[in-house]
Each structure stands twice: as C-alpha cells, then as structure tokens.
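Below: the structure, in structure tokens.
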There are 6 protein chains.
Amino acid sequence: MSRFRLTVDDHIMIAHSLQDPFFGPAQNLHGATLSIQASFFRDGLNEYGVVLDIGAASELLAATLEPLRYQNLDEVDALAGKFTTTEVIIEHIAETLAAGLPADHGLTALEVQAEEHPRARASVWVQL
Amino acid sequence: MSRFRLTVDDHIMIAHSLQDPFFGPAQNLHGATLSIQASFFRDGLNEYGVVLDIGAASELLAATLEPLRYQNLDEVDALAGKFTTTEVIIEHIAETLAAGLPADHGLTALEVQAEEHPRARASVWVQL
Amino acid sequence: MSRFRLTVDDHIMIAHSLQDPFFGPAQNLHGATLSIQASFFRDGLNEYGVVLDIGAASELLAATLEPLRYQNLDEVDALAGKFTTTEVIIEHIAETLAAGLPADHGLTALEVQAEEHPRARASVWVQL
Amino acid sequence: MSRFRLTVDDHIMIAHSLQDPFFGPAQNLHGATLSIQASFFRDGLNEYGVVLDIGAASELLAATLEPLRYQNLDEVDALAGKFTTTEVIIEHIAETLAAGLPADHGLTALEVQAEEHPRARASVWVQL
Amino acid sequence: MSRFRLTVDDHIMIAHSLQDPFFGPAQNLHGATLSIQASFFRDGLNEYGVVLDIGAASELLAATLEPLRYQNLDEVDALAGKFTTTEVIIEHIAETLAAGLPADHGLTALEVQAEEHPRARASVWVQL
Amino acid sequence: MSRFRLTVDDHIMIAHSLQDPFFGPAQNLHGATLSIQASFFRDGLNEYGVVLDIGAASELLAATLEPLRYQNLDEVDALAGKFTTTEVIIEHIAETLAAGLPADHGLTALEVQAEEHPRARASVWVQL
C-alpha cells in the first residue's frame, strides 16, 4: 500500500505574551509570523488520483486560520487559559482542521507544522 | 536501532492536462516544474557507513526521471488512462525506483516527494 | 536618500515549446512552474511609510499573471512569434505590470524574477 | 574593480498595530517575525581578504536588533509617531547599523532586508 | 494522542577525507558545511505547553556540536576508525544528544538531519 | 532598456585553514560547502530571447569550479599566498568565469555569490 501526504501552506501574523518566568523575554507582549504547513495523509488515492481536492484543502486551512489572523492571542477565547506556545497553537489548528473535514474524507491522519522563525519549528501529528 | 534516510534531489519539467471538471482550470493543457526529493530508508548502515552510495542513488533517480523530462504527460504510455496528478506521478516514480534497486539493497522503504509550486507538495511512502 | 524595494510573490504553471534546435530537448511541448517575484523600487516612502500598498501590489501582480495561468504559451496571442523563454516571459510581465501602475505611483523601477526550476532563475529590471 | 557584499542573518519577533484605515486588518494589534538580512558593501577587500570581520558584522547586527527583540513596537520610543511598517523598521535598522560602524569601515553602502512572511519582503539600500 | 516534534537548527563546518575507493573524489581531504536540524519528539506537551524548553534544546544541540566545530574529523578521537560519512556523523550527534538529555525528559525519540549540500541530505531517527 | 540577469547554481566542498589570529577558530583546518550562484547580466536579449544559453552557462560554471572540487585550498596553487576567505574564493571564480566567456558574449557584468552556511553569504560583482 502506498501512503500519501498532501501539504498546503499558509501563514498567520499574531501577537501574544507567554506569562510565566519559564519563557524569559517572551513574557513581553511580542509577535510572530507562523508559516503553516498542513499535511493530509491517505492510504492510496481517491477516484481522481489525489489525496483530496487541493483547493478544498487550501480553503479548509484558510478558514481554520481566519479567526487567528492579525489577532492578539492573549484575547482569543478559544485559547484562553493556555500558554499560546507554537505547540499549543498548532494543536488547536490541527483539531479545528480535523473537525472541519467532510464525513467521507478517507484520510488517516493530519500534521500541522509551524515555523515561527528561521531557526525553529514545531509540528503535531494527529491520527484521525 | 537507528533508522536512516538518505535524500537526493532532481526535477522534471512537464506538460499535462487533467481532463475532468473536478480539476477546474487545470483541465487546460498547462505544465509544471516538479522538484523531486527521493528518500531511501535503511535500518543501520552498510559497511561503508552509508544508506547507499549517494552517486548510485542520484543516478537511479535520474534514470527514473529521464523518460518524463520535457514530456507532455498526456502522451506518455506509462501514464495512459490516469489523471496525471502530482500524486499519481510520484507513485509512478516510486514504483519505478523500487523496481530499479539492486537485489541486495538492504533498504526498508522509499519516499518520493514532489513540490509542484511554492505553496503545495505531495509525497508517497512505499514499504519495500 | 534611502532606496526601498518591496517584493511580492506569486507563481504560474504553463506549457510551452521552444521551436529551434538551439533549445535541445526543450523543443518538445513541456511545461514549467514559474515562481515569480515582483519588486517595486522607490526613493523614500509615501505618507503611510510604505513603497506602495502591499495589497495593491499583490493584486496588480495577480491580475498581470491571470491571462497566463494554466495556459499553453504556444497559443497566447501576446507572446506570438517569440520564443517564450523565461527571459521573454518576465519581460512581458514587467511591461504589463508597468502599464498597470497608477499614474501617481512614485516608483523608480520594477524588477521581475522567475525561478523556473531549483537551479536556475532569471530577472529583468526596468526603469520607470 | 570588484564590488563585494557580505550578508549576515538574524531575526526579531515583534508586536505592533498600524493605526490607519489604509492598513485594513493590520490595524489590529498583531505581530510578525522579521527575518533580517544585513548586507555590507565594499569596493575591493581589506588586508584579511574580507569585506569586514564577519563576527563583528553579526555582533553589530545583533546589538542593533537587541532593543527591538520581543517588543511591542507601539511602545518603542525610537519609532514613536511613525507607522511601524516593514519599510520603516528596516530604515531604522539601517540607520542604526550605519551609526554603529567603526570610523575606518571602508564600506560604500548598507542594505537591510526583512522578510515579514513567506510571500513578501522589503529592503532598503543606504549609501554611506 | 497528539504527537509533537520540536526542531532547532545549527551548523558545523568540518574537514575530512573518506579513505576508500568507494568514495571516489571524496577520498581527498575536503570539507563540508553540515546544516543540522535536531528534532525532539513527545506524545503530548509538558506543563508549559511545549515539547521541551526551546532554549535548552538549542543549548544542548550547540554543546553537542561544539567538539566538532572547525575540526578535521580525520583527527577527532570520537570518530576514529570510522568513515566519517554524513550518516555516521549524524548518528554520533544523535547518540550524544540522547546521552545529554535530562533524566525526566519525557521524550519518545530524536531525529538529526544534516544537509551537506543543496541537493542531498540524510537523517537518523533514534527511539529513546 | 531592460536589464536582464540569468543565474545558475552549483556547489563545491572544500577544506581550508585561515592562518591569522584575526580568523579565530577558523585557523584550524576545517571545511565548507559553498553553494554558488553565478549571475550573468545583459542589456536586452540575444536572437534566441535569452541572456545566454543556459546549458553553456552551467557548463562554464562547472568547468570553472572543477579544479576546486574536493580540494584542500591550502594546497591549490591558484590561491597560494592568499587567505582563502569566501570573498577571495568568489573573486577567483568570477575572474575565471570572465576569462572563459566567448569573445562575443554581449554581457555587461557577472556576479558570483557563495553561501558558506545558512546564516552568511558573500557576493562579488564584476563589470565586463
């Protein structure tokens, strides 16, 4: 069996602060561009020879990111009470993406990666 | 046990059309540069401390891609009757690569990734 | 005086053939993804502290590229009678971009770059 | 005469808001990772065969960026009363870099580029 | 369960020779810049919402690479008697990283990737 | 007049040492992968709609780099008596490239860039 992955890119630009001494200077209100890569996994392909419609994948990712664009994450309800680390943000994105998939998606897993600066990135893999 | 991956790069420039309304404007005869990354997986290393000879890996990939270079995929027999999506192309490449491996390759899997434009890519993983 | 450049990215996926023995295997009908970078030059900034509105720059580039997306350049009237090399395509894009600028643009030059594959790219610089 | 450029990289992660309807959703308090490339130009090389000591170049850039790291630019005095666009930020960085050069630098110009997200960047070139 | 990966980057610049005819021209004393990516895997996140402290991850990687920086690997005791291929170097780095983790790390695996030139890279994955 | 640039890529892997206290740890015998970008400038295009034949450009660059591949630059005669900094190496490459151009090249300038590691690069521009 061939295992496929389709990946589409987007990005968000957000402000936030990480309110614990653990985070050092990142306790300040600052911000980040998060370059996002969302991957969709499937065993074999659908009748059109794709993992899923790439336009649908891009639109689903864009819709998922929309509530986060140009926001101060310290004031976003969906993330209230959490440290909005890159890891927490991508888990939130992955869970929202998963919830938005059509019922007959045929996928086995999702992965969301965020590069927060040129020298560090994080990803999360979620089985469906 | 350490699990190793060796990846080599190449690319092809092809024309094609995707003849179904599902594909929207990609029904037109158009084209793509597919940046290809072929990965070879091995548990542990051979007696030279490598996954496989990197020169042999590059030559095998180049030989695999040769019949596709500067082609209109709508007229390539090996892909006749299929939608030549990125996913279908990389599965074809992965299968051809696998068939061309020497008998004693010692590898466990292959992965072929193609980036078709700066914001989307697909990969396929095949167990050997 | 500070000289500024603002660059926005887009891409097109086209088919074409280069009909002269000079072009070797590229005489075949094949294709390419052209990753486009359009740069706008200005001496100093406007009253909003920018070279030009980045949204307007992206939309102007997108509108310029629209007639080329998913096309076979062998059949595009605007390029008839020319070898549609990367250089010729980017000159066409730069001239169309220049013609579409608002009257009071305040810019000094444009540059259009296209990367046709991971190991080669071309650019053209046009004074306004 | 050979004209040389030496470029070193760094980055900052900042919050800001752009308070004019011109900026659309960027009027919100949000943030960005700015990947910075600072280039130093020189005609010919010094007695060590370099444009300048690369360690000194990196330290000068880091010292220049230090007051901006993890800051909300809406509250940074050096940028008060300005729209803190990417262009304005890089001009500020370039001027600070220029002021920090040793007296006998032998350079002809500086360039500072910032990539604010994967699809847009700006640069400024300043003659010394 | 969400599976997370945190990746940090660094690089080393080393000389070496690969003393066997198998390696062709790489038998000469030559060198390489190895761009290193170290990934840390964890199921779920710690109490701060991260895989591990990113500063600690970067420092651990830097400390691991320190004995290799600006070295001729033909004279490094830790690699004596081995072909210092990219694969062997990254296995050495991965093992040293693993040995340097704090006792309560909570991680499941490490991966170390090295890009030795723009067209080839290798990685090793080690279960903890 | 439109000013064009064509850029082709290659790389070399070399050893060297920089024998002066100015260079700190780089006094050790170490090495580097130099990712090379050679650019060719032309005002307008030739009769084939290109700056120059891209195959010829790549071959000229490859031939220029051949004597440096897998070498210890401390022992390369052409660089004897010089600090083999990135800047010195690229000037040598640019001069060799210029000397190898055909008599009727029609070019106005060359630029050679080398990225020695992911966070630093240098370039040289030479008028023809």
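The values are calculated or read from the model by the stated rules, or taken from the named source; none is laboratory data. Every value quoted in this text rests on a predicted model; they were computed, and no experiment measured them. So basically every Cβ, Gly included, is an ideal-geometry build from the backbone, and we count neighbours across all protein chains shown. Heads up: the accessible areas ignore ligands, DNA and RNA and are worked out on the full protein's heavy atoms, side chains in. Shrake-Rupley method; radii C 1.70, N 1.55, O 1.52, S 1.80 Å.
Using 16 Å as the cut-off for backbone N distance, which residues of the range C:69-105 belong to the label zone defined by a point 7 Å from the Cα of F:Glu47 along Cα→Cβ? Backbone N within reach: C:82-83. Across the identical copies, the 7 Å label point of A:Tyr48, projected outward along Cα→Cβ, sits 3.6, 4.0, 4.5, 4.5, 5.8 nm from its counterparts, in ascending order.
Separation of the range F:37-88 from the range D:8-40 is 37 Å, based on Cα centroids. How far, in degrees from 0 to 90, does helix C:54-65 lean away from the longest principal axis of the Cα atoms of chain C, to the nearest 10? It is inclined by approximately 20 degrees. For the protein assembly as shown, carbon and sulfur atoms together expose 48% of the accessible surface, with a 1.4 angstrom probe and every protein chain in place. According to the square roots a ≥ b ≥ c of the eigenvalues of the Cα gyration tensor, what is the shape class of the protein assembly as shown, taking rounded for a/c under 1.5, prolate for a/b larger than b/c otherwise, and oblate for the remainder? Taking the square roots of the gyration eigenvalues as a ≥ b ≥ c, the protein assembly as shown is rounded. In chain F, helical runs assigned H by DSSP with n ≥ 4 each contribute -39500 (n - 2.57); averaged across all residues and rounded to the nearest 500, the mean residue ellipticity at 222 nm is -6500 deg cm²/dmol.
In loop segments of the range F:1-86 as defined by DSSP, the GluC sites (Glu not before Pro) with at most 10 further C-beta atoms inside 10 Å of their C-beta are F:Glu47. Model label points for A:Gln19 and D:Met1, set 7 angstrom from Cα along the Cα-to-Cβ axis, are 5.8 nm apart. Restricting to Cα pairs below 8 Å that are 6+ residues apart, what does the relative contact order work out to for chain A? Please round to a whole percent. For chain A, the relative contact order is 30 percent.
Placing one identical point scatterer on every Cα of the range D:3-127 and ignoring solvent, what is log10 I(q)/I(0) from the Debye formula at q = 0.09, 0.15, 0.20 Å⁻¹? Here the Debye-derived log intensity ratios amount to -0.27, -0.69, -1.10. Using θ = phi - 60° in the Karplus curve 6.51 cos²θ - 1.76 cosθ + 1.60, the 3J(HN,Hα) couplings for the range E:99-114 round to 5, x, 5, x, 4, 9, 5, x, 8, 9, 6, 10, 9, 10, 10, 10 Hz; x is entered for Gly and Pro.
Between B and E, buried accessible area from a 1.4 angstrom probe totals roughly 1600 Å², ignoring ligands, DNA and RNA. Rolling a 1.4 Å probe across the protein heavy atoms gives the protein assembly as shown an accessible surface of 40 Å² per residue. What you get for the range F:3-127, charging only the Cβ of Lys and Arg (+1) and of Asp and Glu (-1), is a dipole of about 320 debye around the Cα centre.
Computing FRET efficiency as 1/(1 + (r/R0)^6) for D:Glu66 and A:Gln27, where r is the C-beta to C-beta distance and R0 is 22 Å, gives about 0.85. Based on Cα atoms of the range F:1-67, Rg over Rh with Rh as the Kirkwood radius reads 1.20.
What is the mean number of Cβ atoms from other protein chains located within 10 Å of the Cβ atom of each residue in peptide B:97-103, rounded to a whole number? Going residue by residue through B:97-103 and averaging, the value is 0. The chain F residue nearest the rotation axis shared with chain B, using its Cβ and rounding the distance to whole Å, is F:Asp9, 6.
Counting only other chain Cβ atoms within 10 Å of each residue's Cβ, the peptide A:20-29 averages 5.
Contact residues in the range E:40-65 by the 50 Å² criterion (accessible area, 1.4 Å probe, full protein complex versus chain alone): E:Tyr48. For the range A:52-125, the percent of C-alpha pairs falling in each 5 Å distance bin, counted from 0 to the bin holding the largest distance, reads 3, 14, 24, 25, 19, 10, 5, 0.
Per residue of peptide B:112-119, the mean number of Cβ atoms on other chains within 10 Å of the residue Cβ is 5.
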